[in-house]
């Protein structure tokens with residue numbers, strides 16, 4: 001009798017262990033899948049993956065009026081990637097714009113938007129990145145013009161222009177609107193291209209989403225202004241564009257936006273897409289567009 | 001002798017095409033690109049905005065895109081960069097890749113034409129989206145200035 005009870009107990013213990021293991025594995029897989037969604041919608045690969053290079057192992061140089069930035073390696077390689085970063089350090093990088101070594105990042109890395117991301121999404125993103133194959137590839141040092149090459153100047157920049165803050169839902173708006181606002185402002189960081197910057201590279205939120213030119217990137221006005229923005233586009237037009245890249249006039253997206261669509265918005269589920277459109281169509285219209293030449 | 005004549009004429013043709021007026025090439029190219037856009041806009045109205053009364057024209061639009069797609073590589077001769085052109089110089093650095101993207105549009109517009117001939121609306125819509133996304137936009141992504 002005793003023996004049978006012992007075997008029973010052992011079986012029970014093994015079963016419990018397997019069950020806990022399976023739940024843990026499933027949860028981890030779930031987390032990684034969520035993280036992939038964040039990675040895709042955030043378009044992380046658009047900057048951090050080189051042309052025909054390994055995923056997230058560092059990207060093409062980003063040429064701006066301030067100089068050339070080299071997007072670093074996000075794979076789990078311990079020397080050249082984020083392999084040694086703790087979870088706290090990863091969260092700090094995105095929400096505060098501070099590297100594990102305590103250095104401030106240049107706002108070419110859009111931490112000014114990612115600061116609004118939830119810890120939950122950032123953890124998921126990290127789980128996804130940690131599951132990628134590690135690639136040894138060190139990004140070159142940024143090559144910036146004076147005075148932008150003086151990194152300590154970033155502390156002044158931050159003092160002037162950066163306030164770490166999480167996304168706060170607006171209780172007077174619908175859940176859909178708030179979801180859209182979070183996707184556009186935090187993860188999607190649409191404003192980083194579509195909002196103009198001042199001469200120090202800080203976003204001018206008085207003209208939020210009113211279109212901007214940065215180096216070779218021209219991001220048009222995406223406010224609902226009927227003449228300069230997307231006011232004449234129907235919700236169906238917007239949804240069709242974000243799924244296929246085809247505009248109402250038969251032209252298609254190019255450059256950065258084509259990447260955003262192919263890797264990001266084309267893969268969104270209907271609810272998230274509708275949320276983004278709900279938010280964009282509620283923006284304050286701006287009647288100008290620096291990308292349109294007279 | 002005939003063969004030599006042929007080679008000489010071809011060489012002359014190549015050289016003269018290199019010297020051809022870049023502005024005129026750009027003008028032609030932009031005209032063709034606008035035509036693509038026009039047909040795409042018309043097809044979108046038919047397939048996505050419910051203008052079904054124009055559906056009989058879908059085949060014509062599709063065949064026009066197919067016909068023009070074939071000549072894309074020829075519209076971008078070496079050195080036809082221009083200030084007013086949205087063509088990126090990467091085109092001539094990666095010409096085989098550029099050509100293969102043009103061939104992708106050709107293949108996808110062929111598939112669209114087949115779908116129109118097949119008459120199944122869902123298939124037509126899917127083929128149209130694919131053509132826009134993987135045919136037009138995929139090439140614009142890399143080779144057209146914003």
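Read-outs throughout are calculated quantities, based only on the coordinates presented, and are distinct from any laboratory measurement. This is a predicted model, so every value here is computed, not measured. Here the Cβ positions follow ideal geometry from the backbone for every residue, glycine too, while neighbour counts run over all protein chains shown.
Gain in length, residue A:234 to residue A:175, computed as 0.36 nm per residue apart minus the alpha-carbon separation, to one decimal in nm?
On the way: separation 59, 0.36 × 59 = 21.24 nm, distance 2.12 nm.
19.1 nm is the gain from fully extending residue A:234 to residue A:175.
Please state the shape class of the range A:1-166: rounded when a/c is under 1.5, otherwise prolate if a/b exceeds b/c and oblate if not, all from the C-alpha gyration tensor. The partial results should precede the final answer.
Details: a/c = 3.14, a/b = 2.38, b/c = 1.32.
Cα axes put the range A:1-166 in the prolate bin.
Take the Cβ-Cβ distance between residue B:93 and residue B:122 as r, set R0 to 30 Å, and report the resulting FRET efficiency rounded to the nearest 0.05.
Details: r = 40 Å, r/R0 = 1.33.
With R0 = 30 Å, the Cβ-Cβ based efficiency is 0.15.
For the residues B:124, B:75, what sequence is obtained by ranking on other C-beta atoms within 10 Å, fewest first? List each step's numbers first, then the result.
Working: B:124 22, B:75 18.
Taking fewest neighbouring Cβ atoms as first place, the list is B:75, B:124.
Give the order of A:44, B:136 when sorted by the count of other beta carbons within 10 angstrom, beginning with the fewest. Mind showing how you got there, number by number?
Working: A:44 22, B:136 31.
With the sparsest Cβ surroundings first, the list reads A:44, B:136.
Give me A:114, A:209, A:105 ranked fewest to most by other Cβ atoms within 10 Å of their Cβ, as a rough exposure proxy. Intermediate results must be reported in sequence, preceding the final value.
Working: A:114 22, A:209 28, A:105 19.
Lowest to highest Cβ neighbour count: A:105, A:114, A:209.
Per residue, what volume in Å³ does the convex hull of the Cα atoms of chain A enclose?
Values: hull volume 53.3 nm³, N = 294.
With only Cα atoms used, chain A gives 181 Å³ per residue.
222 nm [θ] for chain A, helices only, -39500 (n - 2.57) per DSSP H run of 4+, per residue, to 500? Kindly include the intermediate steps, with their values, before the conclusion.
On the way: 11 runs with 122 residues, N = 294.
Computed mean residue ellipticity for chain A: -12500 deg cm²/dmol.
Quick check: from the Cα gyration tensor, does the range A:205-270 come out rounded (a/c under 1.5), prolate or oblate?
Details: a/c = 1.66, a/b = 1.20, b/c = 1.39.
Note, shape of the range A:205-270 comes out oblate.
Given all pairs of different Cα atoms, what value in angstroms does the Kirkwood hydrodynamic radius of the range A:124-256 take? Numbers along the way, then the final one.
Numbers: mean 1/r = 0.0550 Å⁻¹.
With all distinct Cα pairs of the range A:124-256 included, I get 18.2 Å.
If we restrict to alpha carbons, what Rg and Dmax does the range A:196-239 come to, in Å?
Final numbers for Rg and Dmax: 12.0, 37 Å.
Given 20 °C and 1.002 mPa s, how large is the Stokes-Einstein diffusion coefficient of chain B in µm²/s, with Rh as the Kirkwood radius over Cα pairs? All intermediate terms of the calculation are to be shown ahead of the outcome.
Working: Rh = 16.7 Å.
Rounded to a whole number, D works out at 129 µm²/s.
Any chance you could get the radius of gyration and Dmax over the Cα atoms of the range A:233-289, in Å?
Radius of gyration, then largest Cα-Cα span, for the range A:233-289: 11.5, 32 Å.
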